[in-house]
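What follows is a single structure, written as structure tokens, with notes after it.
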Amino acid sequence: MLDVWRNVLDEIEQSISSSQFSTWFAGVELLSIDEGKIVIGVPNIFKRSQIQSRYSEVIKAAFEHNDIKVREISYDMINGKKSLKDRNNHTSQPQTIKVNIERNSTIKPLSTGLNPRYTLENFIIGSNNDLAVSVANNIVEHPGEKYNPFFLYGGPGLGKTHLVQAIGNAITEKHPKLRVLYIPISSFYSEFIKSIRNNRGGGDEFRQKFMKIDVLIIDDFQMIIGKDQSQVEFFDIFNSLYQANKHIIVTSDRLPDQIKSVDERLASRLTWAGAFDLQLPTFEDRCAILRSKAEYQGVFIEDEAIEYIAENVKTNVRALEGELGHILAVADLKGMTPLAVINEGYAGTTTNTRTKTVSPKHIVDQVAKYYKLSVKEMCSKSRVSHIKNARQVSMYLLSKELGLSTPKIALEVGVKDHTTVMHGIKKIDNDLKLDFNLRDQINSIKESIYA
Ligand code: ADP
Ligand code: MG
């Protein structure tokens with residue numbers, strides 16, 4: 001059941017903005033599924049009403065996409081004691097209760113892996129992406145012809161996934177006979193490894209599945225690992241599809257020759273037809289994106305508020321969306337307009353005002369305070385789990401917020417060896433993927449750090 005819930009959360013996270021996701025789904029758990037009756041545990045009454053009114057459809061769709069029939073979704077409060085307990089027990093997972101999962105018995109069409117939320121219509125064209133967008137339109141008109149492979153690169157949060165999924169969605173609409181598959185390279189790998197393990201044909205079935213595809217979209221190519229068998233497999237599939245005039249679309253955060261583990265021949269093939277990049281949006285681009293996102297959600301926002309956000313969030317579109325989502329959520333909560341939220345000082349989870357300089361000591365103090373420990377206790381050698389966890393959270397925040405080197409962090413938190421610090425940061429990074437309580441805690445600590 002945990003797997004199901006994890007998949008459902010992943011999907012919800014994909015279909016709403018990440019700030020909305022962390023605002024509303026932190027601490028939300030799946031309590032039971034029984035013959036289509038789904039009970040979801042929420043931490044408080046406020047979240048319950050918000051989730052119920054805003055996200056019921058999204059939740060339902062996410063279950064259904066995971067082959068779970070939904071008859072009814074109800075929301076139960078997770079009682080105070082339990083959530084309290086969870087707060088102090090960072091590794092705890094949502095409780096598993098006996099479930100009876102009813103699978104949809106109808107046969108599904110071949111899954112494209114595409115998220116319908118990403119369309120060309122809602123991809124805002126600006127000076128930062130117009131070239132890539134015209135290539136995208138060209139591919140949608142004539143898949144398999146020009147710009148093959150289409151190699152799209154750019155920093156995180158600049159719209160790579162959105163644009164390539166939008167191409168996929170547009171192709172399925174325009175050319176319904178073509179089979180499109182979107183797959184992150186990491187899933188390509190895990191499927192490949194699974195198929196070798198499970199299947200006597202040594203991956204034949206896997207290869208055959210890909211050979212049926214007309215448009216293959218590979219996301220996050222930079223995550224390709226090692227010059228091992230799966231890279232050879234990828235290269236093979238790439239070549240066969242290419243020779244059969246199938247369209248191949250690849251995204252990456254950098255050029256292939258900057259990825260160490262990539263075979264040189266593969267690297268050069270990927271950019272045969274050129275490499276197109278997405279750049280940072282300019283101020284005008286940022287305003288246009290914000291305006292259209294607000295419009296799309298059907299909410300009111302003042303021009304001044306838009307300009308404030310565009311002025312302060314310069315990193316990427318994801319951060320822009322995050323800040324907009326945050327301000328709109330607070331506006332909704334407090335019954336204020338977005339501009340009032342900014343003027344009252346509630347903005348700024350991701351804005352530059354955040355980069356207000358704080359000292360390492362301040363961070364360590366705030367973490368200790370949050371976990372009700374003295375700094376001395378937290379920075380001791382104690383292996384008691386909640387103390388160790390607090391220490392690791394300090395390491396994590398010193399690294400993420402201040403960019404301190406691991407030897408410096410070691411000094412700040414009183415450990416001898418900087419590899420202990422590396423391990424600590426990695427541990428928190430990993431835990432954060434699944435542990436919503438920990439996400440909550442770290443967000444609260446950050447609030448207090450920058451308060
Ligand atoms: P990447 O894959 O490059 O890390 P994403 O495609 O996930 O980035 O984009 C991050 C977020 O920003 C997504 O929610 C996406 O919809 C949005 N986004 C990025 N660029 C644009 C754009 N030009 N117009 C509208 N939304 C965009
Ligand atoms: Mg992406």
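The values are calculated or read from the model by the stated rules, or taken from the named source; none is laboratory data. Nothing here was measured: the structure is a model prediction, and the numbers come from that model. All Cβ positions, glycine included, derive from the backbone under ideal geometry; neighbour counts span all protein chains shown. Ligands, DNA and RNA are stripped out before the accessible areas are found, and what is left, the full protein with its side chains, is counted by its heavy atoms. Shrake-Rupley method; radii C 1.70, N 1.55, O 1.52, S 1.80 Å.
If you check L131 against the conditions, is it in a helix (DSSP H, G or I), within 16 Å of ligand 1 (Cβ to nearest atom) and either at pLDDT 50 or above or in contact with a Gly (Cβ under 8 Å, 6 or more places away or on another chain) (or both)?
Yes: the conditions hold for L131.
Restrict the check to region 285-296 and report whether at least one residue is part of a loop (DSSP other than H, G, I, E, B) and open to solvent by 10 Å² or more (accessible area, probe 1.4 Å). Write out each step before concluding.
Step one: of region 285-296, the residues part of a loop (DSSP other than H, G, I, E, B) are none.
Checked against the condition, which is being part of a loop (DSSP other than H, G, I, E, B) and open to solvent by 10 Å² or more (accessible area, probe 1.4 Å), region 285-296 yields no hits at all.
Suppose we keep only residues that are open to solvent by 10 Å² or more (accessible area, probe 1.4 Å) and not hydroxyl-bearing (S, T, Y) within region 162-174. Which one would you say is farthest from ligand 1 (Cβ to nearest atom)? Walk me through it before giving the result.
Looking only at region 162-174, we keep the residues that are open to solvent by 10 Å² or more (accessible area, probe 1.4 Å), and these are 162, 169-170, 172-174.
Those left that are additionally not hydroxyl-bearing (S, T, Y): 162, 169-170, 173-174.
On the way: H162: 3, N169: 12, A170: 15, E173: 18, K174: 20 Å.
Result: K174.
Yes or no: region 44-56 includes at least one residue that is farther than 21 Å from N437 by Cβ and touching a helix residue (DSSP H, G or I) at 6+ places or on another chain (Cβ under 7 Å). So that I can check it myself, show each step before the final result.
Narrowing region 44-56 to residues farther than 21 Å from N437 by Cβ: 49, 52-54, 56.
From what's left, touching a helix residue (DSSP H, G or I) at 6+ places or on another chain (Cβ under 7 Å): none.
Looking through region 44-56, none of the residues is farther than 21 Å from N437 by Cβ and touching a helix residue (DSSP H, G or I) at 6+ places or on another chain (Cβ under 7 Å).
Residues that are open to solvent by less than 70 Å² (accessible area, probe 1.4 Å), without any contact (Cβ under 8 Å) to a residue 12 or more places away in the chain and of a type in the set (V, I, T), at least 1 per element: which helices (runs of 4 or more DSSP H) completely within region 348-451 meet that? Full working, then the answer.
Working: elements: 360-370, 375-378, 385-402, 406-413, 418-434, 436-450.
Where helices (runs of 4 or more DSSP H) fall fully within region 348-451 and carry at least 1 residues being open to solvent by less than 70 Å² (accessible area, probe 1.4 Å), without any contact (Cβ under 8 Å) to a residue 12 or more places away in the chain and of a type in the set (V, I, T), they are 375-378, 418-434.
Look through S292, S252, S268, S261 and report the one residue that is more than 14 Å from ligand 1 (Cβ to nearest atom) and in contact (Cβ under 8 Å) with a residue 24 or more places away in the chain.
S261
Assuming G159 fulfils every condition listed in (1) modelled with pLDDT of 95 or more; (2) at positive phi; (3) more than 16 Å from ligand 1 (Cβ to nearest atom) apart from one, which condition is it?
(3)
Of everything in region 166-184 that's closer than 15 Å to I248 by Cβ and assigned to a helix (DSSP H, G or I), which residue is farthest from the chain's Cα centre (by Cα)?
Going through the qualifying residues, I end up with I171.
Could you tell me which of the residues S17, S22 is small (G, A, S), within 16 Å of ligand 2 (Cβ to nearest atom) and buried (at least 18 other Cβ atoms within 10 Å of the Cβ)?
Step by step, each of S17, S22 is checked, and only S17 is small (G, A, S), within 16 Å of ligand 2 (Cβ to nearest atom) and buried (at least 18 other Cβ atoms within 10 Å of the Cβ).
What is the residue count in region 147-156 for residues that are open to solvent by less than 20 Å² (accessible area, probe 1.4 Å) and either away from ligand 1 (no atom under 16 Å from the Cβ) or in a helix (DSSP H, G or I) (or both)? Before the answer, list the steps.
Just the residues of region 147-156 that are open to solvent by less than 20 Å² (accessible area, probe 1.4 Å), to begin with: 148-152, 154.
Checking which are either away from ligand 1 (no atom under 16 Å from the Cβ) or in a helix (DSSP H, G or I) (or both) leaves us with 148-149.
Number satisfying all stated conditions: 2.
Of everything in region 219-230, what is open to solvent by 10 Å² or more (accessible area, probe 1.4 Å) and either on the phi < 0 side of the Ramachandran plot or within 16 Å of ligand 1 (Cβ to nearest atom) (or both)? Give them in sequence order.
Those that are open to solvent by 10 Å² or more (accessible area, probe 1.4 Å) and either on the phi < 0 side of the Ramachandran plot or within 16 Å of ligand 1 (Cβ to nearest atom) (or both): D220, Q222, M223, I225, K227, D228, Q229.
State whether the residues of region 184-204 include one that is within 16 Å of ligand 1 (Cβ to nearest atom), open to solvent by 20 Å² or more (accessible area, probe 1.4 Å) and at pLDDT 95 or above.
No, there is no match, as no residue in region 184-204 is within 16 Å of ligand 1 (Cβ to nearest atom), open to solvent by 20 Å² or more (accessible area, probe 1.4 Å) and at pLDDT 95 or above.
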